[in-house]
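Below is one structure, written out as structure tokens, with a few remarks after it.
The values are calculated or read from the model by the stated rules, or taken from the named source; none is laboratory data. Note that this is a predicted model, so its numbers are computed, not measured. No Cβ is skipped: glycine too gets one built from the backbone with ideal geometry, and neighbour counts run over all protein chains shown.
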Amino acid sequence: MVNFSVFSNDKEFLEKFKKYSKITGIIFILIGLAGIFYPAMMSLATAVFYGWLLLLSAFMMAFHTWQTNKSDWLGWLKVVLLFIVGSLIAVNPLPGVAALGVLLAIYFFMDAFASVALAFQVKPESRWWLILLNGILSLALGGYLLVGWPFSSLYLVGLFVGISLFFDGVILLSMSKNAKDLTNQ
């Protein structure tokens, strides 16, 4: 989050921030709405994306181990584990969705903590309460996800990712509005 009062005299920064926050906010809102209306598809897409991230991590770790210490068996073990888990999730995402349910619950709890702390840090700014609301919603989403786990993960993972992205987009649009207001002053 940006404390705009520090940048109130930097019109170039405010113009860039306003423009890119608005564009990113709209994209996040659209992706979030897709997750809200098609939660099972968003769940599967999230799991497949996560699997591919693990595969990319395996290749990067392999490159790193090859370049730094070819005889590091722990480095190669990590490569093998990342590759196996990433392949399993990318090829068969349903069990990955259940695992992502737990990981997303942890993410939502951490996001809630960070959002609440940030809200009180920027409290004098207008619309600070949206950040606080995001934190409260993240806390509720994390708790709700754990209650129905693992059976509800197929729909809840996608739905909650969609809701989170939607509100992140709303916050970015709000921040763009704040930057616009400061630019016009």
TODO: For segment 36-57, state whether one or more residues are in a helix (DSSP H, G or I), surrounded by fewer than 18 Cβ atoms within 10 Å (Cβ to Cβ) and among the polar types (S, T, N, Q).
DONE: yes
Open item on the list: If I filter segment 62-98 down to residues being without any contact (Cβ under 8 Å) to a residue 24 or more places away in the chain and under 30 Å from GLY143 (Cβ atoms), which single residue comes out as nearest to the chain's Cα centre (by Cα)?
Closed with: PRO95
Open item on the list: Testing GLY25 on (1) small (Gly, Ala, Ser); (2) closer than 30 Å to ASN184 by Cα; (3) modelled with pLDDT of 90 or more; (4) more than 14 Å from the chain's Cα centre (by Cα), one condition comes back false. Which one is that?
Closed with: (4)
- [ ] Scan segment 157-185 and report the pairs whose first residue is on the phi > 0 side of the Ramachandran plot and whose second residue is assigned to a helix (DSSP H, G or I) and at pLDDT below 80, with Cβ atoms within less than 8 Å and a gap of 6+ or a chain change.
- [x] none
- [ ] Name, by its number, the condition in (1) at pLDDT 90 or above; (2) under 29 Å from LEU154 (Cβ atoms) that does not hold for TYR50.
- [x] (1)
Open item on the list: I'm trying to understand the selection: among the residues of segment 34-67, which are more than 25 Å from PRO95 (Cβ to Cβ) and touching a helix residue (DSSP H, G or I) at 6+ places or on another chain (Cβ under 8 Å)?
Closed with: HIS64, THR65
Open item on the list: Being within 22 Å of MET41 (Cα to Cα) and either among the hydrophobic types (A, V, I, L, M, F, W, C) or not in a helix (DSSP H, G or I) (or both) is the filter here; which residues of segment 104-136 pass it?
Closed with: LEU104, ALA105, ILE106, PHE108
Task: Odd one out for VAL157 among (1) under 20 Å from ILE29 (Cβ atoms); (2) at pLDDT 90 or above - done: (2)
TODO: Would you point out the residue of segment 104-114, among those that are without any contact (Cβ under 8 Å) to a residue 24 or more places away in the chain and of a type in the set (A, V, I, L, M), that is nearest to TYR50 (Cα to Cα)?
DONE: MET110
TODO: Could you look through segment 150-168, keep only residues that are buried (at least 16 other Cβ atoms within 10 Å of the Cβ) and either outside any helix (DSSP H, G or I) or of a type in the set (S, T, N, Q) (or both), and pick out the one that is nearest to the chain's Cα centre (by Cα)?
DONE: SER164
